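Heads up, the thing below is written out as structure tokens.
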Amino acid sequence: MGLTTTSHGLVHLYEGVLPPLLPLVMADFGTDYFTLGIIVSVFSYAFGLGSLPAGILADRIGPRRLVTLYLFGAGAAGVLVLPVGSLLVYGIVMGVMGIFCSTYHPASNTLISLGIKEKGTAFGIHGIAGSIGVALVPVLSAWIGTLFGWRAPHVFFGLIGIGAGIYSLTLPRFPTRSTPQGQKKVAKGEGEKNVSYLSLTFFFLSATALGLSYKGIMTFLPTYMGQNVHFAFLKMNVVAIGGSVATLALLSGAVGQYVAGRLTDRFQVEKIYLGAVALGTVFVFLMSVSKGLLLVLSAVCYAFFYFAVQPAQNYIVSKYLPEHRQGLGYGILFIMTFGVGSTAAAVSGYLADRYGLQIVFYAMGFCFLASALLVAGLLLQNRKRDGQDL
């Protein structure tokens, strides 16, 4: 569990390393938000699109090899940013990093789903590590980039990944209740769940809308904070302020992961999912119209409720799909959230260039609202289906 939690935090360091550095990269290359939004999208598309084959591999060969592959590959890509001299090469390297990172989530979530009885709590604890990574990357990336240049955070995180990869080789294979090699094949119909494809459609579409909102917000949150949060006692430049305040706000995501994880083991998971999405919608819209302390508080609440949806989503996959299809299910989940969702980075960059950063948060609020309506549809569909089963 120690390796998986460390790896989870690290994958979100890779994912979030660029947004805090946007002003530095823009100044170095003389570019704009839209172009850098495309580079974020390149990483995210690779991060998402690789999740589907990774999920299939998790069902076939198990998670250990995938986690080790991710650590070495993404770590090496981070180091390769050091000699980058053009935006084109930088985008290619970030795409390669995204491909290696894509193997992590389907492997780790399949491991938890098959190996741990109290799935909700386990997903929550595992998610805390990811939330800490998401929360720390703005301040770490901003401070390291300010002191040593924008390439330095990539290299630093890359070296950590390579070190973790070496450590992973010394560990035994991760134990699971379902080992792909050498086990009896599942007989036709054995262990199957009565899957509702309409329910799955509502679920995956809601996750896609949330993925769009997440990528749009996280790409520009540090810069937005730097422009709209000014405290007299903070004697820092806009990059450092944006990264530090974003980290402070996002730390609440770890609490949201834990609380939601515990609740999903005790209450109907779809209701928890709806409640978190609905409340998150309110605070995203509030972020779009606030500044200063109110903006910080709104971001804290947004992070709490956004990250609270993740244990619920992971639990729903394990609830709706049979064991030998859960790797595929997690692959689809992450290709929708990280892959399709990554479109929001470039679109948000275009909106920011044309209309300002504030409009990005309005747009992401409507993505949240769409997700809430889809989750409500999921609940109604399940209620109707349960009534028919009776």
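Take Ile99 and decide whether it is closer than 29 Å to Gly242 by Cβ, modelled with pLDDT of 85 or more and either β-branched (Val, Ile, Thr) or surrounded by fewer than 21 Cβ atoms within 10 Å (Cβ to Cβ) (or both). Judged against the criteria, Ile99 is a match.
The helices (runs of 4 or more DSSP H) located wholly in the stretch 1-87 that include 1 or more residues which are modelled with pLDDT under 85 occupy 2-16, 33-49, 51-61, 64-79. Looking at the structure I just gave you, is Ala187 over 26 Å from Gln310 (Cβ atoms), modelled with pLDDT under 85, outside any loop (DSSP other than H, G, I, E, B) and not basic (Lys, Arg)? No; evaluated as a whole, the condition is false for this residue. Of the numbered criteria (1) crowded, with 19+ Cβ neighbours inside 10 Å; (2) closer than 19 Å to Leu286 by Cα; (3) of a type in the set (Gly, Ala, Ser), the one Gly356 fails is (1).
Tyr14 meets each of the listed conditions (1) surrounded by 21 or more Cβ atoms within 10 Å (Cβ to Cβ); (2) within 21 Å of Thr146 (Cβ to Cβ); (3) more than 15 Å from the chain's Cα centre (by Cα) apart from (3). Close contacts from the stretch 32-46, counting a first residue that is in contact (Cβ under 8 Å) with a residue 12 or more places away in the chain and a second that is surrounded by fewer than 24 Cβ atoms within 10 Å (Cβ to Cβ) and hydroxyl-bearing (Ser, Thr, Tyr), with Cβ to Cβ under 6 Å and a gap of 6+ residues or different chains, come to Phe34/Tyr350. Could you tell me which residue of the stretch 321-338 is modelled with the lowest pLDDT, considering only residues that are within 21 Å of the chain's Cα centre (by Cα) and either surrounded by fewer than 24 Cβ atoms within 10 Å (Cβ to Cβ) or farther than 18 Å from Leu205 by Cβ (or both)? Top of the filtered list is Gln326.
The values are calculated or read from the model by the stated rules, or taken from the named source; none is laboratory data. Only a predicted model underlies this, so the values are computations on that prediction, with no experimental measurement involved. Note that we place each Cβ from the backbone using ideal geometry, even for glycine, and neighbour counts take in every protein chain shown.
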